[in-house]
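The values are calculated or read from the model by the stated rules, or taken from the named source; none is laboratory data. All values reported here derive from a predicted model rather than from experimental measurement. Cβ atoms come from the backbone with ideal geometry, glycine included; neighbour counts cover every protein chain shown. What goes into the accessible areas is simple: the full protein's heavy atoms, side chains included, and nothing from ligands, DNA or RNA. Shrake-Rupley method; radii C 1.70, N 1.55, O 1.52, S 1.80 Å.
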Amino acid sequence: MRRAIYPGSFDPITNGHLDIIERGCKLFDEIIVAILVNPNKQPLFSIEEREEILSEVLETINHHSCTILIEDFQGLLVQYAVKKNADVIVRGIRAVSDYEYELQMALMNRRLEPQIETVFMMPAEEYSYVSSRLVKEVFSLGGKIEGLVPSSVEKRMQLKIKRQK
Ligand code: PNS
């Protein structure tokens, strides 16, 4: 039984995140999608909203035979991973620019908890430039984000963000 944690801010979840979860489902028996509670950041969606959105959109993907759980966590990721008896931390890598920061985190996490492996996965090319930050910026400035996030996320963003056209 292989349990992975897929941590992130998911503010909001993008189609790139979903693609990674779907791919991860082929490798692991269980994936805990873990939302970081970060008191230093002003999120667009609250933790409760992000959990709600995640459970809505995760219904729409191919789970294979994998169980997907949604949780939130605070503090050190590796401490949370140990508490959850997870073997693996999954992170998506889009471009070389992601690599440096992700490598630093993976090595630091390995130093802290050597028994937990980080697995990097590549999303489909069409999502290789998609990030929650850019999606929010483009949307707020009146740009089209169709196909980059699930349509339910787009609808919720319409309610949240006043667009400048
Ligand atoms: O979606 P994000 O914002 O890129 O996710 C970053 C995340 C949540 C993976 C990272 O910030 C994290 O693990 N935070 C928890 C605190 C922690 O463990 N910090 C040390 C990392 S080496």
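Taking all protein chains as they are arranged and a probe of 1.4 Å, the heavy atoms of Lys155 leave approximately 130 Å² accessible to solvent. For Ile47 and Met121, the difference between the fully extended length at 0.36 nm per residue and the C-alpha to C-alpha distance is 24.2 nm.
The chymotrypsin sites (Phe, Trp or Tyr not before Pro) of segment 24-133 that DSSP puts in a loop, and whose beta carbon has at most 13 other beta carbons within 10 Å, are Tyr129. Sorting Arg94, Arg110 by solvent-accessible area of protein heavy atoms yields Arg110, Arg94, largest first, with a 1.4 Å probe. The helix-only estimate of mean residue ellipticity at 222 nm for the chain, built from DSSP H runs of length n ≥ 4 each weighted as -39500 (n - 2.57), is -12500 deg cm²/dmol after division by the residue total. Counting protein heavy atoms only, segment 3-164 has 50 percent of its accessible area on carbon and sulfur, 1.4 angstrom probe. Taking the charge dipole of the chain about its Cα centre, with +1 at Lys and Arg Cβ atoms and -1 at Asp and Glu Cβ atoms, the residue from Gly143, Pro12, Ala95 reaching farthest to the positive side is Gly143. Using only Cα atoms, tell me the angle between helix 151-160 and the longest principal axis of the chain; keep it within 0 to 90° and round to the nearest 10. The two axes meet at around 60 degrees. Both the radius of gyration and Dmax for segment 61-165 are 16.9, 50 Å, in that order, over alpha-carbon atoms. Overall shape: rounded for segment 1-145, with the ratio a/c of the largest to smallest alpha carbon gyration tensor axis below 1.5.
Send over a whole-number figure in Å² for the accessible area per residue of segment 3-164, probe 1.4 Å.
56 Å²
Rounded to the nearest Hz, the phi-derived 3J(HN,Hα) couplings of segment 117-127 under the Karplus curve 6.51 cos²θ - 1.76 cosθ + 1.60 (θ = phi - 60°) are 9, 9, 10, 8, 10, 9, x, 4, 3, 5, 9, where x marks glycine and proline. Among the lysines of the chain, pairs that are 8 or more positions apart or on different chains and have alpha carbons within less than 25 Å of each other number 18.
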